[in-house]
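No lab work stands behind these numbers, since they all come straight from the coordinates. No experiment lies behind these values; they were computed from the predicted model shown. Here the Cβ positions follow ideal geometry from the backbone for every residue, glycine too, while neighbour counts run over all protein chains shown.
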Amino acid sequence: MKTLKTTLTIILSIIAISTIIYFLPTDGFLNKLPVINRFYNNTTLEIVSINGKAKVNINDTEYGETPLTINDLDQGEYTITLERISDTQNFYNKQTFNIKLTKNTTSRIEIEIGPAGILHGSILYYTPQNNPTKNTGTLSILCDTETSKIYLDTEYLKQTPLTAYELPVKEYNLEIAANNYETLNLPILIENGYMLNVKAYLFPVPVNFDNNNDE
């Protein structure tokens with residue numbers, strides 16, 4: 001009798017847990033369970049500021065200074081604010097970026113913050129691909145500079161913008177170039193079933209004035 005009662009209790013418990021998991025939204029429920037939280041939120045954000053350090057604020061919460069790697073984030077949309085650290089006040093403007101994080105992916109912000117709001121670098125993040133094909137992913141690129149050109153493994157592809165361009169899964173060297181701007185080079189990885197989103201910022205080439213007079 002005791003064995004039957006124990007068996008019934010176990011069966012009813014399994015049915016109850018299965019019912020809860022089935023009817024509750026999994027993204028809001030599973031990632032709150034302490035046992036599997038570590039595995040479910042395998043989402044990483046890397047932030048690097050080139051040629052300097054910056055204070056990092058994410059969704060109105062301070063996270064410290066660059067370089068910074070944040071693990072086990074919930075998937076969703078984030079607002080990242082970077083404030084370059086400088087002895088000169090008001091020389092560098094705060095920069096705000098919006099990024100969408102997808103679980104089980106790594107996103108990266110690698111930006112140089114220059115004076116007058118000038119930026120050079122990239123933001124990379126993945127989103128699920130619509131109607132994915134086996135062993136392929138897609139690539140989308142936006143650039144703040146008009147008529148910038150895209151090269152993959154040194155081969156010219158097209159001008160920006162680029163939308164959902166299908167590619168085999170592998171690593172590539174991405175180059176974005178425009179006249180009178182510094183070229184941006186970065187390695188990228190196309191993942192199966194994901195679209196890699198790239199936001200690129202190009203720094204104007206400094207103009208040198210020759211003050212020497214040949215007389």
Counting only DSSP beta bridges with both residues in the range 39-201, what percent are antiparallel, rounded to the nearest 5? 80
Explain nothing, just the number: dipole magnitude of the range 39-201 about its Cα centre with +1 on each Lys and Arg Cβ and -1 on each Asp and Glu Cβ, in debye rounded to the nearest 20. 240
Taking H placed 1.01 Å from N in the peptide plane, check which residues at least 5 places from residue 53 or on another chain put their amide H under 5 Å from its amide H. 85
Ratio of Rg to Rh over the range 63-153 (Cα coordinates, Kirkwood Rh, two decimals): 1.01
Past the 32 Å Cα-Cα mark, which pairs from 53/134; 134/158; 53/199; 55/158; 55/134? 53/134; 55/158; 55/134
